[in-house]
Each structure stands twice: as structure tokens, then as C-alpha cells.
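The values are calculated or read from the model by the stated rules, or taken from the named source; none is laboratory data. These numbers were taken from a predicted model, which means no experiment stands behind them. Here the Cβ positions follow ideal geometry from the backbone for every residue, glycine too, while neighbour counts run over all protein chains shown. Side chains included, ligands, DNA and RNA excluded: accessible areas come from the protein's heavy atoms. Shrake-Rupley method; radii C 1.70, N 1.55, O 1.52, S 1.80 Å.
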Amino acid sequence: GAALSSDLSGRACAASGLEAWLGSSTGGAATNRAGVGVSHAGGTYYTLEFTNVSRQACRLFGYPEVSAYQDRPVAGQSEAGGEIGGPAIRDTSVRPMPVMLAPGATAHAVLRVVAMASTHPAGCTRVTAEELRVLLPSQGRAAFVPAHIPVCSTKGSVSLSVQAIQARAGVPGYAAMP
């Protein structure tokens, strides 16, 4: 897991030294599938996992920027596809803390996908995001993470919220939920 250290002066994690992926669910005794969220309180929760694949310890701090993406054209969007709806908003229920990642260690951020019927406008077209664009704090290169997540395609509509990066790999359904 991620190591919290009193020495938080380490270098920031480089995009080339991190592997981003959608975490596993603990939705039931017989279920433990990667990329399957846990439904709770008007949304479905996933974990975005960040593993240090470099040979040096590094530091993560803050909120990742997350957007739903699709390669094919999306109704109400540009002809070429791309971002669906608006980017994730910050869920401030978890206070950002610096996380030191040793080589091979993993940190996570909880991603909530809002239930379609609860907050989206009546004219919202539901589409499935094929991937998530994830940009970590202080990095210029985004990672694209395979996903299969229902979101609203209306431009500017927000279907996602994300918590601050936290130490250790996340467990959906057990993570801090508002």
C-alpha cells in the first residue's frame, strides 16, 4: 500500500512512473471484478487507483481531474467524440493529505457517478463512457483508464465527483461516502 511518511519533501510523482486503473468492487461475496462500482446513496462509487511503477518513492497530493470520454461521436457534443458532459467536481468530504508512494505502492481517489434519475435534466441522454481521462495534480500528461460508466451527455452536465487522493488502495463501499 501507500506509505505515509513524515518526510513529505519527496519529488512529485511523474506521469511516466504511475499506472492509473479503475479499482475492484467488493459488492458481494462472489463478486470481485475490476471496474465494477458499488451503488449507494444516489450514486455508484468506484476507486481510481494510482500505482507507483517507478524505482523511486514519489509524492501525490490533491485531487485528480477526471472526465468521462468516448471515442465515438456523442449526441449533443462534437462530431469526433471526446469528453462527455462536464469534468468531475471535487468532493471535499476527504481532506487532501500528502501521500508518499514507495515503488510498487498504490494510492486511490474515490469517484462517484451520480445516479441518472436523481440530478440530471429531463432532456439528458444517457451514454456509456468508454474511458476516463485522469490528470493528476502537477502533471501535464493525462492517463486514459478503460471504463464502462453511464453518464449524461448534455454539455456541461456533471455526472462525476472525485475525492482527494488517499493512501492505500481503496475498497468501494468502504471508502468515505458523503
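Miscellaneous remarks
- Residues being part of a strand (DSSP E or B) and buried (at least 17 other Cβ atoms within 10 Å of the Cβ) - total across the range 127-159: 14
- Residues in the range 113-126 that are more than 20 Å from Gly82 (Cβ to Cβ) and surrounded by 13 or more Cβ atoms within 10 Å (Cβ to Cβ) were compared, and the one that is modelled with the highest pLDDT is Val114.
- In the set Asp91, Asp71, only one residue is at pLDDT below 85 and either open to solvent by 80 Å² or more (accessible area, probe 1.4 Å) or touching a Pro at 6+ places or on another chain (Cβ under 8 Å) (or both); that residue is Asp71.
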